Every structure is written in C-alpha cells, then in structure tokens.
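The values are calculated or read from the model by the stated rules, or taken from the named source; none is laboratory data. The structure displayed is predicted, hence computed values, not measured ones. Cβ placement follows ideal geometry from the backbone for every residue including glycine, while neighbour counts extend to all protein chains displayed.
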Amino acid sequence: MKFKPDWFLIGMVLATLLAWAFPEPGASGGWMHPELATKAGVALIFFLHGLALSFTALRLGALNWRLHLLVQSCTFVLFPLIGLALNVAIGRRLAFDLALGLFYLCALPSTVSSSVAMTATAHGNVAGAVFNATLSSLIGIVLTPLWMTWVMKTTGEAHPLAPVIIDLLQWLVLPLVIGQALRPLLGHWAQRHKAQISIVDRLTILLLVYTSFCDSFKNGVWSGHGAGQLVAISFVCVALFAVVMALTSAASRALGFSREDRIAAMFCGSKKTLASGVPMAHLIFGAHPGIGLILLPIMIYHPLQLIICGILAQRWSQDGVLRP
C-alpha cells in the first residue's frame, strides 16, 4: 500500500520548526496578537464544523445503541482510565506538561472525517460511524474539559472552571450553533466547496499549532526535555493505540457485533481528534507556557492512527476478513 504525502502532517512539522526559529510573532505580546488570533481561529473551526454537521446522517445510525455505548465508553471512559494508569505508572518519568498532555490525549473526543472515511473503505457500518464520530465531538465539548479540570485539580494545577466554561460556550459552542443554524442557507454551498473549507480548517489548525509552540520555545519550556522524552511518549502512544484497538475488538466480539459494526467500533473507538484537540487546548489551558508539550502527544498520535488505520482499512476491504 502506498501513502501519498499528507501536506497537513508536513505542515505540523513546519509550523513547529517555524515556532522554534521565529517564536516572537506568535508568543504572548507578539505582533500576531495570539490571544485574539487563537480564539478567532477556534471560532472559525467550530463554525465550519457546524456547517458540516448533518443531523440527517445522524438519524440514519441512531438506533444501534450497543455500538454507540461501546464507542463512547471507549472514548470517554476506557481511554481516560488508561491515561490515569499511565500517569501513575510513568508520569514521574515524563515532564509534567508532557504527562498532562498524555492524559489530554486520552480525554479528547474521536475524529469525524477519518473515522467515517476508513470505515467506508473497509466496508463497515458507515451510518454508525457517522453517528458515533459526530456524537463524540458533541459529548467532548462537555466531558473533555471536565476530565481535565478534575485531573488538574488533583495535581494542584487546576484553573477556575467558570472562565473555561464561558470560553467554551463563547468561542466553541456558539460558533458551532451558528454554523448549524446557517446550514439550511449555506449547507449546499459548503458541500460544493468542501475541499476548500477543509483547507481553511487545516490552515487555521496549523496557525494554532504555531502559536502553541511559540510561547513554549520562547520561555525555554523544552530545556532539559531531549530526544529521550520524545522517544518515550512516542512509544507510549503506540502502546496506547494497540491496547485500545485490541480491547475494542475483543469487546465487539464478546457483544456479538457484525463485521460491519466491529469495523465502525474499532475505528471510531481508537481515534482521537487533533482538529478539535488543538483549539480546545487553547480554551482549556489558556496561555499556559507549556502548551506545546501538552499538545505533543496528540500530534504524535494523530499521524500514527491515520497510518495504522489506513493500512487496516485497505487490508479489510481487500480480503473481507476482519483480523486485528
């Protein structure tokens, strides 16, 4: 199987390198005014998500409650519990912000587009994948910040919850609702320009990645965190993905799921969203100087899940046999 270079993944690397070389424009007080640019970027991303959110497609897969319960339990219960266990087991061996970022990865909702696309490629339950991926995004607006607030409170790093909720409502929920409300007027236009909207969405995320790392590099957060930490968190991400994928497969077998439902469960239940993760981090952590380290685990996990799930989707589509 051949992979085409993904300009977005390359862009993440370039944005990080650009922040390392030129941190001043995107750091606090820089001419890009990141405190405003990031919130505007978050609003734009979730407005576009609202335009793309189809409740008609949601209704098609709404009745398969066992599939939905398994996927959402994996996303918001199994993953965070594993994240807590990892922090107890290895948290002290990692930089504090990196360990916090590992749990943030575990608390995030699932992806939407890649889960649906790979489920379709593998001839799985597409309607079920659409329902669960979209439902996960909506649930994550509430559960992800609640998980993070609880974990940061236990470590003495908690931010006041009320300002976080207000920011989430103002810059995330409201644009999402406005996008959904304008869907009857702009839905067909958005469908026709889906490719261009995707480019705008991804470029905005790259801007947020750049500003996320600017403060980290400018404040020397990365000092003392060499290649060993990067290798360690990469290994943990691989192990995390393998464990969740195996547990999701075993659970779907035990529940007697059809092949189509197992595919949807494994792809939706094992993925984590970078598209929502980066903007949500800016609202949850604010101007935290270590936000670059916090985002590193999801930036590693994102390409990892795309590559492995892409291979599995192609394999299952060709031989028709579902094997982990």
- Taking the stretch 68-120 only, how many residues are among the hydrophobic types (A, V, I, L, M, F, W, C), in contact with a Gly (Cβ under 9 Å, 6 or more places away or on another chain) and closer than 22 Å to Ala246 by Cβ? 13
- Task: Can you tell me which residue within the stretch 31-83, out of those that are hydroxyl-bearing (Ser, Thr, Tyr) and surrounded by fewer than 20 Cβ atoms within 10 Å (Cβ to Cβ), is nearest to Gly286 (Cα to Cα)?
- Result: Ser73
- Hits in the stretch 12-53 - residues which are among the small types (Gly, Ala, Ser) and touching a residue at least 12 places away in the same chain (Cβ under 8 Å): Ala15, Ala19, Gly26, Ala27, Ser28, Gly30, Ala37, Gly41, Ala43, Gly50, Ala52
- Residue among Ser234, Ser258 that is modelled with pLDDT of 90 or more, within 19 Å of Asn87 (Cα to Cα) and among the polar types (S, T, N, Q): Ser234
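Regarding Thr211, is this residue touching a helix residue (DSSP H, G or I) at 6+ places or on another chain (Cβ under 6 Å), β-branched (Val, Ile, Thr) and at pLDDT below 90?
Details: touching a helix residue (DSSP H, G or I) at 6+ places or on another chain (Cβ under 6 Å): yes; β-branched (Val, Ile, Thr): yes; at pLDDT below 90: yes.
Yes; evaluated as a whole, the condition is true for this residue.
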- Task: Report yes if some residue within the stretch 267-277 is out of contact with any Ser or Thr (no Cβ under 6 Å at 6 or more places or on another chain) and among the β-branched types (Val, Ile, Thr); otherwise report no.
- Result: no
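Quick one: which helices (runs of 4 or more DSSP H) sit completely within the stretch 176-260 and have at least 3 residues that are under 30 Å from Phe96 (Cβ atoms)?
Working: elements: 183-192, 194-218, 227-254.
Per the criteria, 194-218, 227-254.
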- Message: Looking only at residues that are within 19 Å of Ala242 (Cα to Cα) and assigned to a helix (DSSP H, G or I) in the stretch 264-295, which one is modelled with the lowest pLDDT?
- Response: Leu274
- Task: Please find, within the stretch 99-113, the residue that is nearest to Glu260 (Cα to Cα) out of those that are buried (at least 22 other Cβ atoms within 10 Å of the Cβ) and out of contact with any Ser or Thr (no Cβ under 7 Å at 6 or more places or on another chain).
- Result: Cys106
- Please indicate, with yes or no, whether at least one residue in the stretch 105-112 is under 12 Å from the mean Cα position of the chain (by Cα), among the hydroxyl-bearing types (Ser, Thr, Tyr) and part of a helix (DSSP H, G or I). no
- Boolean, Val142 is within 19 Å of the chain's Cα centre (by Cα), surrounded by 24 or more Cβ atoms within 10 Å (Cβ to Cβ), in a helix (DSSP H, G or I) and among the aliphatic types (A, V, I, L, M): no
